[in-house]
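Notes to accompany the following structure.
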Amino acid sequence: MEGASLDAVLERITYANEETGYTIARVATERSGADLLTVVGPLLGAQPGESLRLTGRWTSHPRYGRQFEVWSYTTVLPATVQGIQRYLGSGLIKGIGPRMAERIVGHFGADTLRVIEEEPARLVEVPGLGPKRTKMIGAAWEEQKIIKEVMIFLQGVGVSTSIAVRIFKQYGDQSIGVVRAEPYRLADEVWGIGFKTADTIAQAVGIPHDSPQRVKAGLRYTLSQAADDGHCFLPAPNLTGDAVKILDVPAELVAACLEELVAEEGVVREDVPAGDGTVPAVYLVPFHRAEQSLTATLRTLLHTSGDRLRAFADVDWAAALTWLKTRTGASLAAEQDQAVRLALTEKVAVLTGGPGCGKSFTVRSIVELARAKRAKVILAAPTGRAAKRLAELTGHQATTVHRLLQLRPGGEATFDRDNPLDADLVVVDEASMLDLLLANKLAKAVAPGAHLLFVGDVDQLPSVGAGEVLRDLLAAPAIPRVRLTQIFRQAAESGVVVNAHRVNSGQPPLLREFPDFFLFACEEPEEIAALTVDVAARRIPAKFGLDPRRDVQVLAPMHRGAAGAGALNLALQEALTPARDDLPERRYGGRVFRIGDKVTQLRNNYDKGAAGVFNGTVGVVTGIVPEENRLTVLTDEDEHVDYAFDELDELAHAYAVSIHRSQGSEYPAVVIPLSTSAWTMLQRNLLYTAITRAKKLAVIVGSRRALAQAVRTRGAGRRHTGLTHRLDR
């Protein structure tokens, strides 16, 4: 069916669904004049100020009247003076903001775009535009031209504008060649493009359904999906079965391509012990290398002959612990005493335990004793918040693992086996968050003879990245460990602590006995969402005097749905950081960023900031400068980080985050929406992790049935990892 065509300037987006791409927008056409028209459909990627050629059909909505239903769109250069001014002022061209656009168009009128295209040196005629800015605008315009050519080609093979920008950023003017000849490279090399998008492009450029290139890419994709789910490998039968479903090709072809991949060393196959036998494990190369390397490094550290804490080999422990009591004002319990001795006499050790069991006091005691012997102590944690908390607890400087290792662009560490850390004792807190790749980098940077202590709560959710390092270390008899189990009297008066332990042991939380633990019961997801926003944005701040942005965190089991993190972020942003006429804002896809917004980083970016910005880093938007295409975030590590407008896909709002993303962070108050629509996610370790994020107050909003399901359901099965077996060979 042939559609109608409509040329229009996009004036504003009134609604955009990030998950589906469905957008409602207001546009101006030559005929509409001051009256704006409504258009609906997939418009994600289009920016206010752009001139669009829309294809679709005219429809009539019973409530909103005549509107244009968009099927597809392309961007075109604007033709009217007003359109040119909006286009230039929209932040698309670096160096031109709204005020400068007005000046340029005021000077050149309808001839503006021709001047920028053909005679950019004439821009100096505009008051306030010097040679430096003129040159910058000319370069940005040239880049836009190349992007436009690439965009037109990519739109022809079904790629959205926002993904086309990412492809261009990765390959520049090579983009078209890569997309035509090797589309599956996109899935490996361009952040945010998965196999399915690459597969759609491959189909459009004529790569056969049963091509070995496609099947091998599908196998690698299946393994990378498994890594995203936490697995270091997949058993070969699971891998083949999953790939057959994704690729819709015969199992024989998948098996043959897997053999080729193994022969080409694209993947590694190795028999790994499981139960009484073995499984044929298939790894992506980086995970296999990391597992082997971490095993070898930990063994070397454990068995090296030198000892940088030799003073503790024959210390008078009674005297040392008496001195320690004068420093800390409290005696160690038996388990804590054991942990302190272990950390200072064994070169690799693990300390685990739940809330209220004195992990922090034990770590402080270890640090005090080590420093009394003039030992060089380094404290680290996976996140900025966790590092700050560790520093507060010990009175000793702490840093994130990434900053400690000084990771460089590409992810290589400055400190490694050849350039180890100058430390006698390295303590890493919140070790349940350490994934295999980061744990391997950390262990390699510990000098032979130094001590490495992993501290964490093994009952929390495992790391977001692949592996479950803390659990694997605790399961390996070769690694010395202490588990703290005794809840101290003061902690036993806290509903957060008591109920965390109850949930962890499969008992329902006590809901009326404590002043710091509440349930607001309601059933429907929409009702849960509205009440969550009310509790987080208004009730808790009013009753407890907490800052709703800084001190209160909503932790949702899942992202999607009415009570998921996505919808809650929109509602909380509206409640806490509504639009203001006097402040700029910037839209990217389905999100609008405003000054004051709480945001989180979605990927590791080694090129940002002083030492990279990492997945899970949280911050606040402190500035938006349209004429410089720039948004600035102050991170929780007190660093100002700039983002170009086309990098905003790396940020998401963080008023509500998934429970997985909250690991390693503590907040004065947490609000946990629990809906039966999140049924498959309702598991004990998920709820336990959420409750243990609260320092002073935990509030559950939602269904008693959902709460009971979460308490009743043991966590998902173990991840596919080989670390424990390797350590015990």
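Look at where the Cα atoms of region 371-444 and of region 76-134 average out, and the two centres are 49 Å apart. Among the protein heavy atoms, those of residue 587 account for about 40 Å² of accessible surface (1.4 Å probe, every chain in place).
Straight-line reach from residue 135: taking Cα to Cα under 26 Å and skipping same-chain neighbours fewer than 8 places apart, the lysines in range are 94, 145, 148, 169, 608. Computed on the Cα trace of region 584-698, the radius of gyration divided by the Kirkwood hydrodynamic radius gives Rg/Rh = 1.02.
Under the criterion of Cα pairs below 8 Å and six or more residues apart, the relative contact order for the chain equals 11 percent. For the chain, the mean residue ellipticity at 222 nm estimated from helices alone is -11500 deg cm²/dmol, where every DSSP H run of n ≥ 4 contributes -39500 (n - 2.57) and the total is divided by all residues, rounded to the nearest 500.
Cross-link pairs exceeding 18 Å between alpha carbons, from the set 359/388; 388/441; 325/373: 388/441. Note on exposure: 71, 141 ranked by accessible area (1.4 Å probe, complete protein assembly) read 71, 141, with the most exposed listed first.
Solvent exposure of residue 22, expressed as accessible area, is near 100 Å², computed with a probe of 1.4 Å over the protein chains only.
Put a plus charge on the Cβ of each Lys and Arg, a minus charge on the Cβ of each Asp and Glu, and nothing anywhere else: the dipole of region 353-508 about its Cα centre is then about 340 debye.
Amide hydrogen proximity for residue 272: with H placed 1.01 Å from N in the peptide plane, the residues at 5 or more positions away or on another chain lying under 5 Å are 279, 281. With θ taken as phi - 60° and the Karplus curve 6.51 cos²θ - 1.76 cosθ + 1.60 applied, the whole-hertz 3J(HN,Hα) list for region 704-711 is 4, 5, 5, 4, 4, 4, 5, 5 Hz, x standing for glycine and proline.
The local environment of residue 617, defined by Cβ-Cβ distances under 15 Å, has a net charge of -3 under the rule Lys, Arg +1 and Asp, Glu -1. Sorting the segments 702-708, 519-525, 541-547 by their residues' average number of neighbouring beta-carbon atoms within 10 angstrom, most packed first, yields 702-708, 519-525, 541-547. Set Lys and Arg Cβ to +1 and Asp and Glu Cβ to -1, take the dipole of region 586-689 about its Cα centre, and tell me which of 657, 619, 629 lies farthest positive. So the residue furthest toward the plus end is 657.
With Cα atoms defining each centre, region 546-582 and region 276-325 are spaced 42 Å apart in the structure. The H on the amide N of residue 617, modeled in the peptide plane, is under 5 Å from the matching H of 601, each at least 5 residues off or on a different chain. Projecting the Cα atoms of 421, 443, 476 onto the dipole axis of region 357-481, where Lys and Arg carry +1 and Asp and Glu carry -1 at the beta carbon, places 421 farthest toward the positive end.
The distance linking region 659-683 with region 330-362 is 28 Å (Cα centroid to Cα centroid, whole angstrom).
Other residues lying with their Cβ under 12 Å from the Cβ of residue 434 contribute a combined charge of -3, Lys and Arg counting +1, Asp and Glu -1.
Backbone amide hydrogens, once placed in the peptide plane, bring residue 43 within less than 5 Å of 23, excluding anything fewer than 5 places away on its chain. Computed from point charges on the beta carbon alone (+1 for Lys and Arg, -1 for Asp and Glu), the dipole magnitude for the chain about its Cα centre is near 1860 Debye. Exposure check, 1.4 Å probe, all protein chains in place: residue 145 carries approximately 70 Å² of accessible surface.
Note: relative contact order over region 611-729, using C-alpha pairs below 8 Å and six or more positions apart, is 19 percent. Only Cα pairs under 8 Å and at least 6 apart count here; give the relative contact order of region 427-581 as a rounded whole percent. Relative CO of region 427-581 lands at 14 percent.
The values are calculated or read from the model by the stated rules, or taken from the named source; none is laboratory data. Everything quoted here is computed from the prediction, not taken from an experiment. All Cβ positions, even for glycine, are placed from backbone atoms using ideal geometry, and neighbour counts span all protein chains on display. Side chains are part of the model used for accessible areas, which takes the heavy atoms of the whole protein and leaves out ligands, DNA and RNA. Shrake-Rupley method; radii C 1.70, N 1.55, O 1.52, S 1.80 Å.
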